[in-house]
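First the structure, in the form of structure tokens, and then the observations on it.
The values are calculated or read from the model by the stated rules, or taken from the named source; none is laboratory data. Since this is a predicted model, take the numbers as computed values, not measurements. Heads up, the Cβs are rebuilt from the backbone with ideal geometry, glycines too, and the neighbour counts pull from every protein chain shown.
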Amino acid sequence: MNLLEQSESCEGLCQERIPRVTVVQIGSRRNYAVPIALAQAGALERLFTDWYAGKDLLTRTADWISRRVPSRILARAAARTVPEIPVEKVVHFPGFAVAYKWKKYWAARYRESPRAYIWGGQRFCKAVRDYGIPACDAIFCFSSVAKEIFESPVASNTLRILDQEIPPLAYEDRLVREQEAAYPEWTKPRPAQAGVEEYTERQREEWVNSDIILCPSRFCWQALATEKAPLEKVRILPFGITSRFFTGHLPRERNHHFTILFAANSPVRKGLPDLVQAIELLNSRNIRVILAGDMSSLRAEAVSRTGRVAEMLGCVTRPKMVELYRQADLFVFPTVSDIFPAVVLEAMAAGVPVITTPNCGSGEVIREGVDGFIVPIRSPEQLAEKIEYLVTHRNICVDMGRNAYERAKEYTVDHYRERLLSLLREELHRRHQT
């Protein structure tokens, strides 16, 4: 074997070798999508997290109580586990989890949530460093929970990956405030949060110390560019959804009403005023609008106005959402800021076309006029025009739903895992060469 053949052979082995990756995250973070993907590929070295059910006596006790005493908090804590991740790979800090929960609660009361997030990131990173970061090829951290990890001596010899699953806080804060100012009759403007700039500065320091910054969409990329992030480090890696949302494209019953679905827990930020105004402009009795999610932030007059054109279901379970997708002819999501909302892909997976905005990261999956439409933010007239077109061309709407179903198949958790592992191997190979 000559030198060239030896070099090519070594490169092939480097690319094929399964990397060892340590994941650091607070919370379940997209239902543990990253550690699950790595564990299924045999690449997960360690998962550091705040709370993992069934890991020790404390979490097992909480799980036991949750099955006997109705408690939303305990039920959510008991759900913090997945069979795909071997328990022996997990290190968690339940004492920190309890303290952080209280810290966020009191910070919210005094409008200091960003400072609570900073405190949580600092304390959690310290706990991980004190425990000891294992030798590995890459360390995968999430935004605001990475700074002290990336600054550690161990991390300096590894590939440092930052998952920017949330937009820079200062950027999103501006967009949300603009929306609230545009619709003062819909919601009370949020009081200024203390610590927004401090939190954003922490994010900037993490960008500097990372080797790779992952973001799920062009919208996120634009937000990073606005906040002067080092764009040469940024890689776009779209998220994926689980197979349970792919119910198969079922032909919609052609009944009298055309059903529109909207789902959000921050209705004004997600564009509910635009949808309500669009429906008012159409003034059609053939349109049924269903709203799912927490609407408690709306003013009383906004609730009354919305109730005249829509059915407000409040918060619903995941199984109920799957049922609602099946009932819908169209999913409308005119958000002003969403980095990659899963609801868009979930609707498409159920065979439902989508109308959203350029500020919706997962909306980039939509092909204009093929499986949905993109309208500008705060444009109820254009939204009404697109809705009316689909109401009056139902066969086209059904065809777009079929196209949406096929399109969503390209954005599953399996595809996400393949793209993530491919990116890891490519970046580690490049690092090895240099």
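The set of residues in segment 402-434 that are under 23 Å from ARG20 (Cα atoms) and among the aliphatic types (A, V, I, L, M) comprises VAL413, LEU420, LEU421, LEU423, LEU424, LEU428. Among the criteria (1) under 22 Å from LYS270 (Cα atoms); (2) modelled with pLDDT of 95 or more, the one VAL370 does not fulfil is (1). Comparison of MET312, MET295, MET321 shows that the only residue that is touching a helix residue (DSSP H, G or I) at 6+ places or on another chain (Cβ under 8 Å), within 28 Å of ARG174 (Cβ to Cβ) and without any contact (Cβ under 8 Å) to a residue 60 or more places away in the chain is MET295. Among the residues of this structure, VAL322 does not count as one that is touching a strand residue (DSSP E or B) at 6+ places or on another chain (Cβ under 8 Å), surrounded by fewer than 24 Cβ atoms within 10 Å (Cβ to Cβ) and over 20 Å from PHE258 (Cβ atoms).
Here's the yes/no breakdown for (1) touching a residue at least 40 places away in the same chain (Cβ under 8 Å); (2) touching a helix residue (DSSP H, G or I) at 6+ places or on another chain (Cβ under 7 Å):
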| residue | (1), (2) |
| --- | --- |
| VAL91 | yes, yes |
| TRP102 | no, no |
| TYR105 | no, no |
| GLU112 | yes, no |
| TRP119 | no, yes |
| TYR131 | yes, no |
| PHE142 | yes, yes |
| VAL145 | yes, yes |
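Okay, residues lined up against (1) crowded, with 24+ Cβ neighbours inside 10 Å; (2) at pLDDT 95 or above; (3) of a type in the set (S, T, N, Q):
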{"site": "GLN327", "(1), (2), (3)": "no, no, yes"}
{"site": "GLY351", "(1), (2), (3)": "yes, no, no"}
{"site": "GLU364", "(1), (2), (3)": "no, no, no"}
{"site": "ARG378", "(1), (2), (3)": "no, yes, no"}
